[in-house]
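These notes are about the structure you will find just below.
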Amino acid sequence: MAHREYTLVVMGAGGVGKSAVTVQFAHGKFLTRYDPTIEDSYRKQLEVDGVACTLDIMDTAGQEEYTALVDQFMKNGHGFVLVYSITSPTTFKLINDLHTRIQRVHGMEMPMVLIANKCDLEDQREVPKEKGEQWAKDRHCPFFEVSAKTNHNVNECFIAVVKEINSWRDAHPDKAAKVEPAKKKKCSLF
């Protein structure tokens, strides 16, 4: 059976629930306590379109003081999950900056999905769904409203980014080879 590896980078402002979404996807648990992330990584295996996949997911910091670290993760990323909170217009505005940084680091459009987290907090919504839909439509990427708390659309957004990467690789075979995951070197004592 074929097997593919993917490095995904989850990005967004601090406090939007990047870690909660990632942990919900990777471990099926909702984080009830907020602990600001510097960087965490997770591995998850799943099947997408009949192909076994291993996802290495980098959950990045939302704080600006880690800019160099985030740029390094961007370089290694095959696909990106951009996250904002439906309760915070400021976090939605930051998505443009993140998109621009990804383009600058890679020199081109890269596979991504846009997710609006905290859709379980509809009564606190400050970012209309239509704004996220339009942003994603303008950049030709999938859009999901998700809830890390209820697990609404969490799996779907990660599957969508894998499909986006596959389409991108098919369309850019020369560039895809450059961002394939590094093969692990075997070590010998003799």
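The values are calculated or read from the model by the stated rules, or taken from the named source; none is laboratory data. Since the model is a prediction, treat every value here as computed from it, not as a measurement. Don't worry about glycine lacking a Cβ; one is built from the backbone with ideal geometry, like all the others, and counts go over all protein chains shown. Quick note on the areas: whole protein, heavy atoms, side chains included, nothing else; ligands and nucleic acids left out. Shrake-Rupley method; radii C 1.70, N 1.55, O 1.52, S 1.80 Å.
Residue-wise, which Karplus ³J(HN,Hα) couplings in Hz belong to segment 154-169, taking 6.51 cos²θ - 1.76 cosθ + 1.60, θ = phi - 60°, and x for glycine or proline?
5, 4, 4, 6, 6, 4, 4, 5, 4, 5, 5, 5, 4, 5, 4, 4
Taking amide hydrogens as modeled 1.01 Å from N in the peptide plane, which residues meet the under 5 Å criterion relative to Arg139, leaving out close sequence neighbours?
none
Quick one: ranking Leu121, Leu31 by accessible area, 1.4 Å probe, largest first, what do you get?
Per-residue accessible area, sorted high to low, gives Leu31, Leu121.
Please give the peptides 78-84, 134-140 ranked by average Cβ packing (other Cβ atoms within 10 Å per residue), highest first, as a rough proxy for protection.
78-84, 134-140
Kindly work out what percent of the DSSP beta bridges joining two residues of segment 4-179 are antiparallel, to the nearest 5.
Of all bridge pairs located within segment 4-179, approximately 35 percent are antiparallel.
What whole-number value in Å² describes the accessible area per residue of segment 4-179 for a 1.4 Å probe?
47
Order of 150-160, 100-110 by packing, highest average Cβ count within 10 Å first?
Packing proxy ranking, top to bottom: 150-160, 100-110.
Keeping every protein chain in place, order Cys119, Cys53 by accessible area at 1.4 Å, biggest value first, i.e. largest first.
The ranking, largest first, comes out as Cys119, Cys53.
What ranking do 40-46, 17-23 get when scored by the average of other Cβ atoms within 10 Å per residue, highest first?
Result, highest mean first: 17-23, 40-46.
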